[in-house]
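Have a look at the structure below before the remarks.
Throughout, read-outs are computed from the coordinates displayed, never taken from laboratory work. The structure displayed is predicted, hence computed values, not measured ones. In this analysis, Cβ positions are derived from the backbone assuming ideal geometry, glycine residues included, and neighbour counts consider all displayed protein chains.
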Amino acid sequence: MGTLPQRTRVYRCHHLDSTRWDDIVPRPDDIVITTSLKAGTTWTQRIVSLLVFQTTGLPNTLHWVSPWPDCRFIGGRDQMVAIVESLEHRRFLKSHLALDGLPYRESTKYIYVGRDTRDVFMSTWNHIRAYTPLAREMLNSGENAPAEPFLEPPDDIRAFWRLWITRATYPWESDGFPYWSHHHHARSYWDYRHLPNLLFVHYNDLKADLEGEMRRIARFLEIEVPEEKWPVLAEAATFAAMKRDAALLGPEMNMIFEGGADRFLYKGTNDRWRDVLTAEDLALYEAAAARTLTPELKRWLERGALSGVVPK
């Protein structure tokens, strides 16, 4: 077996504090859903919730059923530990950390979700402009709050693109400001794609064959689902059903985003960047990708299974 992942970096910003994972006592059947921003996190959490509970209902809203330990701005450190420790079902925790900032355990199952960088950007544009004043106040306060306030909502989407694709929050990254690098995040997992407890899932593949991908995730998690349950579970994981059942996400959505869960989920579509980004903008993407991604990883992020690249 090759070298196992190691935590070598601390991620702290308005959104993240990677040291909060130090408080989490692992369980042997833990699941970690790990994505960069706007790559299908909530969708995958909903899918895993359907597999774990095998019903469309939840014992609580998704925010509490599938907590986010590295979140810095909602609740204190002690509160997060209490939430995570109180879970009585099989835990499926959320993370936005690159693998070099996340504790790696051989007993944990990790689901990495990828998406085209340009699609991630379009969703990030909607995301950053939807924050409520209360959300911005929370991002600028609390434990380990950064000295500088979070970026104000930009007015020009292409100006934001140039900032996002050329500037970084951390010295070891080269893009992703004011969040974190989608490219570095992807590369940190790609380099360990051979590990048996790491599954790669792509946003495009979820859209193209949702039930097939759900079955693949279930096999990875070693969850058996009776055949008669699949139609109901697969329907509940569609984007339309998630919009319909938005109350399952929790009232926090109304606190954080103007328009609540409906704005947070927004469109769920790809390729909107084609009507926005110019050839000059796309050249910046190609340069950023070349700095961090391998050619195979770039193709996979852009197209998923249609790229012909198999993560492992």
If Lys and Arg each add +1 and Asp and Glu each add -1, what is the summed charge of the other residues whose beta carbon sits under 13 Å from the beta carbon of Leu93?
-> +2
Across the chain, qualifying lysine pairs (alpha carbons under 22 Å, at least 8 places apart or different chains) come out at 19
Could I have the simple spin-label model distance between Asp271 and Trp230, label points 7 Å from Cα toward Cβ, reported in nm to one decimal?
-> 2.8 nm
Using 0.36 nm per residue, how much length does the chain from Val25 to Thr166 gain when fully extended, once their Cα-Cα distance is taken away?
-> 47.0 nm
Around Leu195, what is the net charge, scoring Lys/Arg as +1 and Asp/Glu as -1 over all other residues with Cβ under 12 Å from its Cβ?
-> +2
One finds the C-alpha centres of the range 279-307 and the range 151-179 to be spaced, in Å, by 17 Å
Answer label for mean projected area of the Cα convex hull in nm² (calculated), chosen among [x] 17.9; [y] 15.2; [z] 22.7 | [y]
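Let me make sure I get this right: for the range 76-167, a, b and c are the square roots of the gyration tensor eigenvalues over alpha carbons, sorted descending. Under 1.5 in a/c it's rounded, otherwise prolate if a/b > b/c, else oblate. Which is it? Please list the in-between numbers first.
On the way: a/c = 2.30, a/b = 1.43, b/c = 1.60.
It is oblate, given that a/c is not under 1.5 and a/b is not larger than b/c.
Work out, step by step, the length gained on full extension between Glu280 and Asn197: first 0.36 nm times the residue separation, then minus their alpha carbon distance; give nm to one decimal.
Values: separation 83, 0.36 × 83 = 29.88 nm, distance 3.97 nm.
Using 0.36 nm per residue and subtracting the Cα-Cα distance, I get 25.9 nm.
Give me the net charge of Tyr112's neighbourhood, meaning all other residues with Cβ under 12 Å from the Cβ of Tyr112; Lys, Arg count +1, Asp, Glu -1.
Working: positive: Lys109, Arg115, Arg187, Arg193, Lys312; negative: Asp191.
It works out to a net charge of +4.
Suppose we keep just the DSSP beta bridges with both residues in the chain; what percent of those would be antiparallel, to 5?
Numbers: 3 of 17 bridges.
Of the beta bridges lying entirely in the chain, close to 20 percent run antiparallel.
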Post the alpha-carbon centroid distance, the range 1-42 to the range 68-91, in whole angstrom.
-> 13 Å
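As a footprinting exposure proxy, order Trp300, Trp68, Trp172 by other Cβ within 10 Å, with the fewest listed first.
Working: Trp300 26, Trp68 22, Trp172 11.
Lowest to highest Cβ neighbour count: Trp172, Trp68, Trp300.
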Label-to-label distance, nm, for residues given as Arg105 and Ala305 (7 Å Cα→Cβ offset) | 3.2 nm
